[in-house]
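Report on one structure; see the data block that follows.
Every number here is computed from the coordinates shown, using simple stated rules; none is lab data. Quantities reported herein were computed from a predicted structural model and do not represent experimental measurements. Cβ sites come from the backbone with ideal geometry, for glycine too, and all protein chains shown count toward neighbours.
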Amino acid sequence: MKYAYLSDSRIAHRGVSTKLLGESYQDIMSFVEPVIQTHDLTKHYNKVVGIEELTLTVNKGEIFGFLGPNGAGKTTTIRILVGLLRPTAGYATLLGMDTWKDSVSLKSYLGFIPDFPALYENLRGMELLDYLGRLNTQRDPVLREELCERLELSRDDLDRRIKGYSRGMRQKLAIIQALQHDPEILILDEPTEGLDPLMQNALFQILTDFQARGSTIFFSSHILPDVEKVCQRVGIIRQGKLVTVSNVEELRQEKVRTMKVVLTQEAPDGVFSVPGVMLIERNGRDIRLTVKGDINPLLRELAKLEIEDMIFEQTHLEDIFMGFYRQEE
C-alpha cells in the first residue's frame, strides 16, 4: 500500500537522488554527508564511566544500529545526542550543530523515542499527540493519520485516557509522537519494546520508508534480530567503549560459519583440506566443518562427492556480537 507522505515521490525532498536507488549501499554513502558525528565523546557520573572517548559518524539516509547489553552506555549516548545530557568531554553534532549548545534549535529536526516513554497518564491519546505536536512550532504533524493507520491505533483508542493503555499501545503512541512531524533525524532507544511481531514489522517498514526518503535513523537496541533486519551498519559498545563500527555484511563475511554435510558414503582422507576450512568433526558419513572467507573452493570439492544433505547457516549478528564480547573478556 502507498501512503500520501511515506512514498517514493518525496525522496528528493530529503536530498537523496532517486537515481541512487539502484546503487549499492557503499555507492550511495559516497554521495552523502554525515548527519550525526561524535568525537571522543565522554560522560562520567562522578567516578562511574557512562561512555569513554566514543567516536562515530552516521551518514545521511542511513539506518545505523547501536548495539550493546543493558548498562553498556547506549542510553547515555542517546541522551547526549538529543541534548538531555552535557558531555564530560568531547562533543556530538547533529546536522553540524552541537547537541548541547544548539539543543533548542535541533528539536524541530528530531524525532525521539526514549527507552521508557513517560506519557501523561490523564490525557487522552489524541490530546497527547496534539500537545506534543504544538510544541514543534516549525513543523505540522503531517504524518499522524498515516502512522495511526499503519500502527493500528484507532480513533477510539486515541479517545481513551493513556492510563488505560496496554504496554504495546503506549509504545505505538510514543512512536507516533516521535514521527508525526516528519523529522529528518530519528533517535530511537529500544523502539520495538512492547510491540507484537506484526507491529514490529509495521515499524520496520515505516523506518525503511523514512530511510528511502533520506531520513537518518539511529537505532539503539539490545535485540539483535531487530537491528539485523533494518540496519546497514552497526556500532557495538561494551562498558562505555566502542568495540567496532562496521557494515553488517562485512562483519558476517569476516566471521566463521559452520557447515554440516551428510554424505552417501565416507569421503577419502584429505578431501576437506581447503584454505579457510577446518574439519571439526567426522563421524562416518557425517561431517562438520567451519568455513571462513570464500566458500567456492570448498564447493568445488563437495561437487566431487555424493551428498545426502547439507546445512550451511548464515552468520547471525548475534554470533558476531558475542564474538566481540568474548574477545574483550
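If each of ASP196 and ASP286 carries a label point 7 Å out from its Cα toward its Cβ, how far apart are those two points in nm?
In this crude spin-label approximation the distance works out to 4.0 nm.
Within a 10 angstrom radius of the beta carbon, how do SER221, SER246 rank from fewest other beta carbons to most?
Sorted ascending by nearby Cβ count, the order is SER246, SER221.
Which residues in region 93-128 have a backbone N closer than 17 Å to a point placed 7 Å from the Cα of LYS163 along the Cα-to-Cβ line?
118-128
Taking θ as phi - 60°, what are the ³J(HN,Hα) couplings along region 287-297 by the Karplus curve (6.51, -1.76, 1.60), each to the nearest whole Hz, with x for Gly and Pro?
The phi angles translate into 10, 10, 10, 10, 10, 10, x, 5, 8, 4, x Hz.
Order of LYS304, LYS43, LYS260 from fewest to most other C-beta atoms within 10 Å?
LYS304, LYS260, LYS43
Calculate I(q)/I(0) for region 8-246 by the Debye formula, one identical point scatterer on each C-alpha and no solvent, and give its log10 at q = 0.07, 0.15 Å⁻¹ to two decimals.
-0.22, -1.06
For the pair ASN296 and VAL142, what calculated FRET efficiency results from E = 1/(1 + (r/R0)^6), where r is the Cβ-Cβ distance and R0 = 35 Å, to the nearest 0.05?
For R0 = 35 Å, the calculated efficiency reads 0.10.
Let's test this: bin the Cα-Cα distances of region 179-317 at 10 Å from zero up to the farthest pair and state each bin's percent.
Values per bin, smallest distances first: 10, 30, 22, 19, 15, 4, 0.
What is the gain in length, in nm to one decimal, between GLN239 and ASP98 on full extension, counting 0.36 nm per residue of separation less the C-alpha to C-alpha distance?
Here the segment from GLN239 to ASP98 would lengthen by 48.3 nm.
Please compute the modelled spin-label separation between THR57 and TYR120, points set 7 Å along Cα→Cβ, answer in nm with one decimal.
My value for the distance between the label points is 4.2 nm.
Full extension from ASN46 to GLU308: what is 0.36 nm times the residue separation minus their Cα-Cα distance, to one decimal in nm?
Extra length available between ASN46 and GLU308 comes to 88.1 nm.
Output the pairs from LYS47/LYS241; LYS47/LYS107; LYS101/LYS172 with a Cα-Cα distance over 23 Å in this structure; if there are none, say none.
LYS47/LYS107; LYS101/LYS172
Sort ILE206, ILE280, ILE223 so that the residue with the fewest other Cβ atoms within 10 Å of its own Cβ comes first and the one with the most comes last.
Ascending number of Cβ neighbours within 10 Å: ILE280, ILE223, ILE206.
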